[in-house]
Amino acid sequence: MVATTIILAAIVAAFVFGMVSDVKSTKIVAVTAAHQGDNLILTNMGGQDVGKVTQFNATYNNTAVSIPGLGVGSSVTTDVGTGNAHLIVVATFNDGSQQVVLDTYT
């Protein structure tokens, strides 16, 4: 009983003193990638928070890949060469936050 009271008091104190105010919510946006020959095809599949995205940035084997105007349902094709490589796509949102929306090997 005492332990339960202490735990509840700690939870209430965290909210009262603002300790949980810096917790940011996870945004829901889906991007897919396909490697066909020398081309990398990125497609914006949408998601609940896709309207809040201001831009996408990608790195392919630590090299920046341009993603201009990737609207919902649209695809961007870029020449990256053949082979298995690490791809990371980061979305920037209108509140200034960033989130990795795709981290894969193609």
Q: Consider the candidate values (1) 14, 45, 37, 4, 0; (2) 13, 42, 33, 11, 1; (3) 13, 37, 20, 12, 12, 6, 1; state which one is P(r) over Cα pairs in 10 Å bins from 0, in percent computed from the structure displayed.
A: (3)
Q. Roughly how tilted is helix 2-16, in degrees to the nearest 10 and between 0 and 90, from the longest Cα axis of the chain?
A. 60
Q | Two-site label geometry, Thr59 and Gln36: point separation in nm, points 7 Å out along Cα→Cβ | A | 2.8
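Every number in this text was worked out from the coordinates using simple rules, so none of it is lab data. In this text the structure is predicted, and so the values were computed from the model without any measurement. Glycine also receives a Cβ, built like all others from the backbone with ideal geometry; neighbour counts cover every protein chain displayed.
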